[in-house]
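Let me give you the structure first, and then I'll get to my questions.
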């Protein structure tokens, strides 16, 4: 029955016009960035690297390549995508409560646990499809438009700024894993808005609350104050950009990036653990609350 | 021999300080059209939602089809088709899609033929592919009935089924409820705050007020022709005095807008004749609705 329910939930999601807002928004933003970089990217790069010519030896490399464009897109877009995720997952229970269809659904011989499991699974599948769409546009389309070469990544630690150069054939697999981490982060947002959706009777509340929570937690995560520093390791927002860790390479004694290396696997594992922990927690709370909920709508 | 489908014992629901349902007990037999009558806020919908497992009772017991609710919710709901309050459907989907989805959730693997037959029964076959958002309230109600009936349940629960319907829709609904019992041998629970709606379809009924049972019984038991209320409206200022001197005096009670008689239904023609004989100008002489009088008497309204 859960499989049937998941099919039905996916059918409902993809028959709603609002579902496609996210796909269109991503296509427009990525398209605009790619168009701008194609038109005037080299000038912009020259400006960025002006005065650093003596620090880098990029002889044969094409800095403005597909990998670089993808990094730039992800860095820009992954801050906005949670809104697009919450737009659907925040509506999954609250939207049905608002329409009155939750009542109809629960008069059928299905348990509330099955309903929640199916709805959450469908939400996670939607999130995956949205991210996959982003990967197609940001990575594959950029690779087709700009070609592939070494990836130069800007690293900022306090006031020191430096660049790490990953060789072209050492990049693609990093993106695959990075998208995995990005998915974990977005799935956490999906779980949060889904949980809030259980407590609401219309979808605006969960969507706005999700974005507010992300905003507040992100501010706490980025402010380097002693009180916040103690809390930061427990906030999921501290790990929303953990995907970047895949491009943080270890360096040898000569300062050269070690091929195939990841600077801190432990930090990445911790990030994944915290994100998965939050997903389990949010879904657990949602399930418990929904099973106790009186359907009054 | 009657077969008890539903047995509710001492059912209660409290929302913070409000007792929505308070110690309600009743039974529904197989083949009944069981009327749930009460004013808005009397506790009808809360009771029905507890039967369906939508609301958790604060106390009491519900047994349906030999199963205890809500512990055996799936076993019970498999045998029920319901419209609770409004037929809220997925507006962005077609009638066919709505029906197919709900049939699958009811455990069926529906064929196109089955679904189209079901839509045909409620007169929506021609609109099968139209989105529900284009439907009138009556059409939504009919689609709701198709959804409730698609898995051939034993019991149909209709909570306020005539809400939002026009007079023709109300008549159709009434006809359909009676048919569900007569032609399909279904048991039906129907709730309404409209007394005449319940009286015209129910075989047994319960009247609830402020979450409590006021009375339960067969409609024929509850409707007692010996206590028919008849209203007289007249401009004759001496009417009460004239009637006070007649044999009708003990059965007359002055009311704000006329005089009210309590008598056997068979005595109404004799009363009319005597009023004319007493030279009382009759503006209007009408039987007050039988259940209305019972309801008002029992609830003290």
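Taking region B:47-75, which residues are at the interface with chain A (Cβ under 8 Å from one of its Cβ atoms) and touching a strand residue (DSSP E or B) at 6+ places or on another chain (Cβ under 9 Å)? Reasoning before the result, please.
We begin by selecting, within region B:47-75, every residue at the interface with chain A (Cβ under 8 Å from one of its Cβ atoms); these are B:49, B:52-56, B:73-75.
Across region B:47-75, the qualifying residues are B:49, B:52, B:53, B:55, B:56, B:73, B:75.
Within region B:107-134, track down each residue that is within 14 Å of chain A (Cβ to nearest Cβ) and closer than 21 Å to residue A:100 by Cβ. Full working, then the answer.
The initial filter retains those residues of region B:107-134 that are within 14 Å of chain A (Cβ to nearest Cβ), namely B:107-110, B:129, B:131-133.
Matches in region B:107-134: B:131, B:132, B:133.
Still on this structure, please answer the following. Among (1) part of a helix (DSSP H, G or I); (2) under 30 Å from residue A:113 (Cα atoms), where does residue A:297 come up short?
(1)
Filter region B:120-153 down to the residues that are touching a residue at least 60 places away in the same chain (Cβ under 8 Å) and more than 18 Å from the chain's Cα centre (by Cα), then identify the one that is nearest to residue B:79 (Cα to Cα). Can you show your working first?
Taking region B:120-153 and keeping what is touching a residue at least 60 places away in the same chain (Cβ under 8 Å), we get B:144-145, B:147-151, B:153.
Within this subset, residues satisfying the condition of being more than 18 Å from the chain's Cα centre (by Cα) are B:147, B:149-151, B:153.
Numbers: B:147: 13, B:149: 10, B:150: 11, B:151: 8, B:153: 5 Å.
Applying the filter and picking the extreme gives B:153.
Of the numbered conditions (1) out of contact with any strand residue (DSSP E or B) (no Cβ under 7 Å at 6 or more places or on another chain); (2) closer than 30 Å to residue B:80 by Cα, residue B:191 satisfies every one except a single condition; which is it?
Here residue B:191 clears every test but (1).
Then there is this: Only one residue in A:165, A:169 is surrounded by fewer than 23 Cβ atoms within 10 Å (Cβ to Cβ), assigned to a helix (DSSP H, G or I), away from chain B (no Cβ under 14 Å) and at pLDDT below 90, so which one is that?
On the way: A:165 fails: assigned to a helix (DSSP H, G or I).
After ruling out the rest, the residue left standing is A:169.
Here's a follow-up. Give the residue, chosen from A:274, A:285, A:262, A:251, that is more than 18 Å from residue A:195 (Cα to Cα) and touching a helix residue (DSSP H, G or I) at 6+ places or on another chain (Cβ under 8 Å). Before the answer, list the steps.
Details: A:274 fails: more than 18 Å from residue A:195 (Cα to Cα); A:285 fails: more than 18 Å from residue A:195 (Cα to Cα); A:251 fails: touching a helix residue (DSSP H, G or I) at 6+ places or on another chain (Cβ under 8 Å).
After ruling out the rest, the residue left standing is A:262.
In addition: Of the residues B:53, B:41, which single one is out of contact with any helix residue (DSSP H, G or I) (no Cβ under 8 Å at 6 or more places or on another chain) and either free of Cβ contacts under 8 Å to residues at least 60 places away in the same chain or in the same structural domain as residue B:148 (by TED's automatic domain parsing) (or both)?
Details: B:53 fails: out of contact with any helix residue (DSSP H, G or I) (no Cβ under 8 Å at 6 or more places or on another chain).
Just a single option satisfies the conditions, and that option is B:41.
Separate question: Restricting to helices (runs of 4 or more DSSP H) lying wholly in region A:75-116: which have 1 or more residues that are more than 11 Å from chain B (Cβ to nearest Cβ), at pLDDT 90 or above and within 30 Å of the chain's Cα centre (by Cα)? Can you show your working first?
Details: elements: A:81-89, A:94-99, A:101-106.
Where helices (runs of 4 or more DSSP H) fall fully within region A:75-116 and carry at least 1 residues being more than 11 Å from chain B (Cβ to nearest Cβ), at pLDDT 90 or above and within 30 Å of the chain's Cα centre (by Cα), they are A:81-89, A:94-99.
To continue, here is another question. From the list B:60, B:23, B:35, which one is under 21 Å from the mean Cα position of the chain (by Cα), assigned by TED's automatic domain parsing to the domain that holds residue B:210, assigned to a strand (DSSP E or B) and on the phi > 0 side of the Ramachandran plot?
Details: B:60 fails: under 21 Å from the mean Cα position of the chain (by Cα); B:35 fails: on the phi > 0 side of the Ramachandran plot.
On inspection, the qualifying residue turns out to be B:23.
Could you run through region B:187-198 and say how many residues are surrounded by fewer than 21 Cβ atoms within 10 Å (Cβ to Cβ) and either over 18 Å from residue B:43 (Cβ atoms) or over 13 Å from the mean Cα position of the chain (by Cα) (or both)?
Residues meeting the conditions: 1.
Within region B:93-105, is even one residue assigned to a loop (DSSP other than H, G, I, E, B), within 13 Å of chain A (Cβ to nearest Cβ) and on the phi > 0 side of the Ramachandran plot? Walk me through it before giving the result.
To start, the set of residues in region B:93-105 that are assigned to a loop (DSSP other than H, G, I, E, B) comprises B:93.
If we keep only those that are within 13 Å of chain A (Cβ to nearest Cβ) as well, we get B:93.
This time we only want the ones that are on the phi > 0 side of the Ramachandran plot, so: none.
No: region B:93-105 contains no residue that is assigned to a loop (DSSP other than H, G, I, E, B), within 13 Å of chain A (Cβ to nearest Cβ) and on the phi > 0 side of the Ramachandran plot.
The values are calculated or read from the model by the stated rules, or taken from the named source; none is laboratory data. Please read all numbers here as calculations on a predicted model, not as lab measurements. Positions of Cβ are backbone-derived with ideal geometry, glycine not excepted, and every protein chain shown enters the neighbour counts.
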